[in-house]
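Every number in this text was worked out from the coordinates using simple rules, so none of it is lab data. From a predicted model like this one, the values you see are computed outputs, not experimental measurements. Please note: Cβ atoms are built from the backbone with ideal geometry, for glycine as well, and neighbour counts cover all protein chains shown.
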Amino acid sequence: MTKSSSVPLQANQTISMEESPDPPFVETYKNLFDTNILNEEHNDLFMVEECELPLINLHQLKYGDKFEREECKKKIAKASREWGFFQVVNHGVSPNILGEMRTEQVKLFKKTFNEKMNIDKSLNFSEGSYRWGTPTATCLRQISWSEAFHVPLSDVSKGFSSLSSTMEEFATTLSELAQELARLLAEELGDYNYKLDYFKETCLASTCYLRMNRYPACPISPQLFGLMPHTDSDFLTILHQDEIGGLQLFRDGKWISVKPNHEALIINIGDLFQAWSNGVYKSVEHRVVTNKFKERFSTAFFLCPSYDTEIFSCVEPCLYRKFTFREFRQQVQEDVNNFGYKIGLPRFLVSTN
């Protein structure tokens, strides 16, 4: 992008920061817009196929006969091995809860940027729960054109607002679903590295969290990411997204776009489950692209263990060395600070030690 092509970006922002809900992306990253040139290397954001993720009906898991339950479990394990992503319907999360959560989330993000920057105390959220952009960005491809509230489950029940009560109900139901799916996936591996209540004992309210996301309309979409390519640093993630679309995942050497399904929740395997399963289940790189005219909302639940939890596989030969969740997080943060992006599991391969 040349300097002249950045003028519409600045002209677009006619509302003052005091009145606008949008973070000051252009002002903050002005030097990157002025000095970077967007060229044909960005065409991969346009040239993607749309696909439907494996769709699994959890009604069979809960109410089917023995054969149907076993078939459902095998479908979940197969999707986790081959895709690292799948979607579930009849998941037990009430449409009313999902609708109320989205309504409260939209109300929260419609507050002005300045209000959101100072909202932690009024909502009893931990300091720094509101995040936007990419503080470490050194080029356009490292900018995430999005904002989010990152809320540990231990903070969810502290408030007394309609948002807090809705979040608590939403978080409780998604946490139960995440625990059920994680337990099922562990059982499908066999019991070599698994004991009853493992995930309940290790995945605590202080480390599991909700992340409410908003992706504002982007004037130069789709050249900028809504969320940079990454894998999730957890056991598994449950995502509820709107109908706008924008989620893409990397499979078979190419990016594919996930078709939205308003009845489904999206499940994806995280880095910890890939290491814990010795590479059987796949943590797949994914990203979010922006929309030029429409904002996008999503909410994600992340099943994370306590920081001292050791991640290892009992299967020999082990692909990954033993590490704690704290060590993994610290390495990820160090790499992001040094290189502008996450490296993740390759840091912990046995062959690199």
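When the charge dipole of the range 44-319 is built from unit charges on Cβ atoms (+1 for Lys and Arg, -1 for Asp and Glu) and taken about the Cα centre, the candidate among W276, Y198, A264 whose Cα reaches farthest toward its positive end is A264.
Stokes-Einstein diffusion for the range 164-321 at 10 °C, viscosity 1.306 mPa s, with a Kirkwood radius from C-alpha pairs, works out to 94 µm²/s.
Label separation (R69 vs I343): 4.5 nm, computed from points 7 Å beyond Cα along the C-beta direction. Label sites at S351 and E127, each approximated as a point 7 angstrom past Cα along Cα to Cβ, lie 4.5 nm apart. Ignoring lysines fewer than eight residues from K158 along the same chain, the ones with Cα atoms less than 27 angstrom from its Cα are K107, K110, K111, K116, K121, K200. Relative intensity of the chain on a log10 scale, I(q)/I(0) at q = 0.07, 0.08, 0.09, 0.13 Å⁻¹, equals -0.30, -0.40, -0.51, -1.09, per a Debye sum over C-alpha point scatterers of equal strength in the absence of solvent.
Per DSSP H run of n ≥ 4, the term is -39500 (n - 2.57); total these for the chain, divide by its residue number, and report the mean residue ellipticity at 222 nm rounded to 500 deg cm²/dmol. Helices in the chain give a 222 nm mean residue ellipticity of -9500 deg cm²/dmol. Calculated FRET efficiency, N31 to D252, Cβ-Cβ distance, R0 = 41 Å: about 0.65 to the nearest 0.05. Relative to the Cα centre, the charge distribution of the chain, modelled as +1 at Lys and Arg Cβ and -1 at Asp and Glu Cβ, gives a dipole magnitude of about 240 debye. Between D197 and V106, the contour length at 0.36 nm per residue exceeds the alpha carbon distance by 29.2 nm. The count of lysine pairs in the range 221-353 whose Cα atoms are under 19 Å apart, excluding pairs fewer than 8 places apart on the same chain, comes to 5. Computed packing ranks the peptides 19-25, 176-182 as 176-182, 19-25, most packed first, by mean other Cβ atoms within 10 Å. Available extension along the chain between A217 and N261 is 13.8 nm, counting 0.36 nm per residue and deducting the alpha carbon span. Sparse packing (at most 14 other Cβ atoms within 10 Å of the Cβ) combined with a DSSP loop state is found for the following trypsin sites (Lys or Arg not before Pro) in the range 187-255: K195.
Take the range 57-159, drop everything but the C-alpha atoms, weight them equally and run the Debye formula without solvent; then report log10 I(q)/I(0) at 0.17 Å⁻¹ to two decimals. For the range 57-159 at q = 0.17 Å⁻¹, log10 I(q)/I(0) is -0.96.
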